[in-house]
Amino acid sequence: MRIAVVGWGSLLWSPRTLPLAGTWASDGPVLPIEFARISADGRLTLIIEEGSEPIVTYHALLSVSGLEEAVEALARREVCGPEHIGIWSPVKSRASVALSVLPVLASWARERDLEGVVWTDLPATFADRAGQPWTPPAAVEYLGGLTGPTRQRAEEYVRRAPPQTRTATRTLIERCLGWTPENGD
């Protein structure tokens, strides 16, 4: 089966056990991505965030026998339940966070003759964990207040995010904190 995984952040540089069948291609679907989730370790991470500026994501084919195996593999890599993995196929689609991306993913997948697509569909946690609503300035304020290993992990994540993953928050982080992409782009 031709099943693809869509990525925009750490999946690209740290796929771990994700069974990729090839390399990442930089012509994934255009989705609203932003630094709007505070992970358990304090990093500010990229997620699908309704209302954010759409950006071109990445994709790779998976070496799996079916859609459920793809969901299980991505959930294992993301250390989350399968309910946080979005899916699209001609017969089954699911998104728990960003329902508006389903038509975009469907159109993109059909253009590539894919039989299925999976992606990480985690909710925003910024407001709950930072104690204020998410905005790009609030995100920079949050990152600027981090210290020690948490700050190091957060900075590494921002710097390693692919240069094409250009969000409003990333632009502000670069300007205010100087955290530019690792490769200098």
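The values are calculated or read from the model by the stated rules, or taken from the named source; none is laboratory data. Model, not experiment: these values are computed from the prediction. Reconstructed Cβ throughout: ideal geometry from the backbone, glycine too, with neighbour counts over all protein chains shown. Heads up: the accessible areas ignore ligands, DNA and RNA and are worked out on the full protein's heavy atoms, side chains in. Shrake-Rupley method; radii C 1.70, N 1.55, O 1.52, S 1.80 Å.
Below are the figures for this structure:
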item: Rounded if a/c under 1.5, otherwise prolate or oblate - the stretch 10-94, Cα gyration tensor axes; result: rounded
item: Chain lengthening between LEU99 and GLU50 when straightened (0.36 nm per residue, less Cα-Cα); result: 16.7 nm
item: Backbone HN-Hα couplings from phi across the stretch 55-72 [Karplus 6.51/-1.76/1.60, Hz, Gly and Pro as x]; result: 10, 6, 9, 10, 8, 8, 6, 9, 8, 9, 8, x, 5, 5, 5, 5, 4, 4
item: Cα-centre dipole for the stretch 1-119 with unit charges at Cβ (Lys and Arg positive, Asp and Glu negative), debye to 20; result: 200 debye
item: Probe 1.4 Å, protein heavy atoms only - accessible area per residue of the stretch 50-99 in square angstrom; result: 48 Å²
item: For the stretch 107-114, 3J(HN,Hα) per residue [Karplus equation, 6.51 cos²θ - 1.76 cosθ + 1.60, θ = phi - 60°, Hz, x = Gly/Pro]; result: 4, 4, 5, 5, 4, 10, 6, 8
item: Cα→Cβ-extended label distance, 7 Å offset, between ALA40 and CYS176, nm; result: 2.8 nm
item: Within the accessible area of the stretch 42-104 (1.4 Å probe), percent carbon and sulfur; result: 57 percent
item: Nonlocal amide H pairs with ILE38, under 5 Å, H built at 1.01 Å; result: THR45, THR125, PHE126
item: Trypsin sites (Lys or Arg not before Pro) restricted to DSSP loop in the stretch 33-113 with at most 11 other C-beta within 10 Å; result: LYS92
item: Sites ARG151 and LYS92, calculated FRET efficiency, Cβ-Cβ separation with R0 45 Å, nearest 0.05; result: 0.65
